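The block underneath contains the structure these notes are about, expressed in structure tokens.
The values are calculated or read from the model by the stated rules, or taken from the named source; none is laboratory data. Note that the coordinates shown come from a computational prediction; the quantities given were computed from them, not determined experimentally. Cβ placement follows ideal geometry from the backbone for every residue including glycine, while neighbour counts extend to all protein chains displayed.
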Amino acid sequence: MSDIKSKTKIKNINGLPEWFNLKNYLFASNLDAKGWYEQLFIRWFCYRTGLVEHASSTIIDIIRQKPIIDITDNEEFEIIMRYSSSKVHSKIPSSVHLSTPRELILSTSPQQLEYAINYLAQNHINSSLPYEGFIDEPITGIDKNTMINNIVVSFNPNLPERVLVQEFQNVVKNIKSKQPHEKKYYRRDYNKWIEYGILPYIDLQMWAAQNKKDITIKVLTEAVYSKGERNEEDMRKTTIITAKSLLTDTGLAKLAAEIELEKIQTEDWR
């Protein structure tokens with residue numbers, strides 16, 4: 001990261017790029033959880049892969065031309081979204097489904113995985129590897145990218161469905177009882193993200209990173225808020241903090257969970 005002292009400070013709104021216009025973000029009001037996930041994931045990708053450090057980036061240029069992204073408009077966006085470990089576009093529901101090899105590999109520690117492969121590749125009676133208890137314990141690893149608890153369930157299909165359902169409920173209750181607290185999901189007011197200028201703020205900061213600029217809080221406040229609605233304190237305490245939290249693995253995982261809840265139209269929002 002460049003030294004802040006080497007950056008040019010933007011002290012006046014006239015110093016912002018010509019492409020920036022709040023009117024281009026009006027379509028954000030039509031976004032649902034999936035739409036917001038796409039907007040944020042593409043921008044997260046630009047940061048994670050270091051594109052914001054490059055003087056020129058085709059992907060970032062496209063975002064500036066049309067800030068409210070439609071991933072079907074551009075093949076590069078579709079490829080990037082396939083990179084998403086949250087499987088937003090997968091036909092497999094992430095709420096409940098059978099674990100895949102990819103998920104199990106992601107949720108198992110490299111050391112345990114290597115040991116298991118080596119252990120099972122040998123005759124276990126003559127194995128030179130000592131027995132480790134975890135090899136016979138249930139796999140309930142948590143994928144850190146999606147926060148999904150991956151399990152493999154064995155069941156006898158000859159049993160009545162009501163018995164199988166009850167047993168599965170018992171498995172889920174047992175796993176959830178070991179979590180530190182019950183996760184509460186609630187409908188987030190995406191209009192607040194518009195009101196607090198989350199996307200405009202992120203895009204201006206990407207431009208600043210690319211061009212070695214430092215935009216003052218005063219200018220950011222004037223640029224991303226509709227006139228008179230918010231102030232510099234809102235920028236510091238809400239916009240900046242919210243934007244940073246959303247552009248994290250955890251922030252994206254929570255948003256991916258909201259997508260699933262929208263898909264199944266749950267009534268359990270609290």
Odd one out for residue 204 among (1) modelled with pLDDT of 65 or more; (2) not in a helix (DSSP H, G or I): (2)
Residue in the range 162-179 that is at pLDDT below 85 and not in a helix (DSSP H, G or I) present: yes
Members of the range 1-20 that are at pLDDT 90 or above and under 26 Å from residue 251 (Cα atoms): 20
Test for residue 117: is it part of a helix (DSSP H, G or I), over 18 Å from the mean Cα position of the chain (by Cα), modelled with pLDDT of 65 or more and closer than 25 Å to residue 212 by Cβ: no
Matching option when the condition is in a helix (DSSP H, G or I), at pLDDT 95 or above and in the same structural domain as residue 31 (by TED's automatic domain parsing), among 243, 253, 257: 243
Condition check for residue 57: over 17 Å from residue 201 (Cα atoms), surrounded by 13 or more Cβ atoms within 10 Å (Cβ to Cβ) and in contact (Cβ under 8 Å) with a residue 60 or more places away in the chain: yes
Pairs where the first residue, in the range 185-209, is among the hydrophobic types (A, V, I, L, M, F, W, C) and the second is modelled with pLDDT of 90 or more and assigned to a loop (DSSP other than H, G, I, E, B), C-beta under 6 Å, 6+ apart: 207/17
Qualifying residue in the range 12-27 (condition: over 22 Å from residue 218 (Cα atoms), assigned by TED's automatic domain parsing to the domain that holds residue 254 and in a helix (DSSP H, G or I)): yes
